[in-house]
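Visitor: Just passing along the structure, written as structure tokens.
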Amino acid sequence: MPILELKNIYKTYNPNKEYKGEILDDINLNIEEGEFVAIVGFTGSGKTTLVNLINGLLKPTSGEVLFKGLPVVDTSHERGVIFQNYSLLPWLTVGQNVYMAVKEAFPKESKAVLKQRVADYVEMVSLSPAINKRPKELSGGMRQRVAVARALAMNPEMIIMDEPLG
């Protein structure tokens, strides 16, 4: 069974207006565990809409998104996402931005275990010296590495990336 299935996905904005804003039409895709898939297309072709359907931020107008055979109805730490914008909370430090995600993904873990997990993943992306800095104090590349550390630290089964290295 595929880890991700897109079945007859159709997405439109403004479905009751003269201009229907059709974004995706009859998208079908099966992704097996361990596969690496890249979706390529022109600006405005629906790539980000597709990413948001897969990660549960949007619902299809019709069709189904299935993850491990179950309908995607909401976001989940099983499907980590790295957005094209950094999506960091500006009032939190690097460590706090990552900590917030791991705390949600591992609610039963002790604070010490979560802090070690944060430190390990911040180190993995070579940002340990910046762990107490806020996003405004970081370069764009550093901010993106925080987003990567945050996604990986949740130990997702699938990582969905929307132009993460743009």
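Visitor: Taking into account only those residues within region 97-114 that are β-branched (Val, Ile, Thr) and open to solvent by less than 10 Å² (accessible area, probe 1.4 Å), which is nearest to Ala130 (Cα to Cα)? Give the steps one after another, and end with the answer.
Guide: Filtering region 97-114 down to residues β-branched (Val, Ile, Thr) leaves 98, 102, 113.
Within this subset, residues satisfying the condition of being open to solvent by less than 10 Å² (accessible area, probe 1.4 Å) are 98, 102.
Values: Val98: 12, Val102: 18 Å.
Out of the qualifying residues, it is Val98.
Visitor: Sticking with this one: Farther than 26 Å from Val148 by Cβ and open to solvent by less than 80 Å² (accessible area, probe 1.4 Å): which single residue out of Ile82, Ile31, Ile27 fits that description?
Guide: Ile27
Visitor: Looking at the structure I just gave you, is Ala147 under 18 Å from the mean Cα position of the chain (by Cα), small (Gly, Ala, Ser) and within 23 Å of Asn85 (Cβ to Cβ)? Before the answer, list the steps.
Guide: Numbers: under 18 Å from the mean Cα position of the chain (by Cα): yes; small (Gly, Ala, Ser): yes; within 23 Å of Asn85 (Cβ to Cβ): yes.
It is true that Ala147 is under 18 Å from the mean Cα position of the chain (by Cα), small (Gly, Ala, Ser) and within 23 Å of Asn85 (Cβ to Cβ).
Visitor: Oh, and also: Here is a check on your reading of the model: is Tyr121 within 27 Å of Glu35 (Cα to Cα) and not basic (Lys, Arg)?
Guide: yes
Visitor: How many of the residues in region 74-133 are more than 30 Å from Ile3 (Cβ to Cβ), touching a residue at least 40 places away in the same chain (Cβ under 8 Å) and not hydroxyl-bearing (Ser, Thr, Tyr)?
Guide: Of the residues in that region, 5 qualify.
Visitor: Restricting to region 36-95, give me the number of residues that are assigned to a strand (DSSP E or B), at pLDDT below 90 and more than 18 Å from the chain's Cα centre (by Cα).
Guide: Counting residues in region 36-95 that are assigned to a strand (DSSP E or B), at pLDDT below 90 and more than 18 Å from the chain's Cα centre (by Cα) gives 0.
The values are calculated or read from the model by the stated rules, or taken from the named source; none is laboratory data. Note that the structure is predicted; figures quoted are calculated from it, not measured. Methodologically, a virtual Cβ is constructed for each residue, glycine included, from the backbone with ideal geometry; neighbour enumeration extends over all protein chains shown. In case anyone asks, the SASA skips ligands and DNA or RNA and just uses the protein heavy atoms, side chains included. Shrake-Rupley method; radii C 1.70, N 1.55, O 1.52, S 1.80 Å.
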